[in-house]
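A quick write-up on the structure given underneath.
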Amino acid sequence: MTKQKKKKLCVTAEGKRRYISVPQARSKELHEYLRSKRVRSARTGLHRF
């Protein structure tokens, strides 16, 4: 069985902040990954977990 490729994420800058546009299904996974690498991140936006 082959692994499905995940769509690349898009990074957007606004002033000093950078945002990653993430499909809702992957947002929690990405947040947990960033936290494990000691990257400060916030789960903000229209979607709730």
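The values are calculated or read from the model by the stated rules, or taken from the named source; none is laboratory data. Here the structure is a predicted model, which means the values were calculated and not measured. Here the Cβ positions follow ideal geometry from the backbone for every residue, glycine too, while neighbour counts run over all protein chains shown.
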**Request:** State the number of residues belonging to region 33-49 that are modelled with pLDDT under 85, on the phi > 0 side of the Ramachandran plot and among the basic types (K, R).
**Result:** 0
**Asked** So which residues in region 1-32 are among the β-branched types (V, I, T) and at pLDDT below 80?
**Response** T2
**Message:** Cβ-Cβ under 8 Å, sequence separation 6+ or interchain: first residue in region 4-19 and part of a strand (DSSP E or B) and surrounded by fewer than 10 Cβ atoms within 10 Å (Cβ to Cβ), partner modelled with pLDDT of 85 or more and not polar (S, T, N, Q). Which pairs?
**Reply:** R18/V11
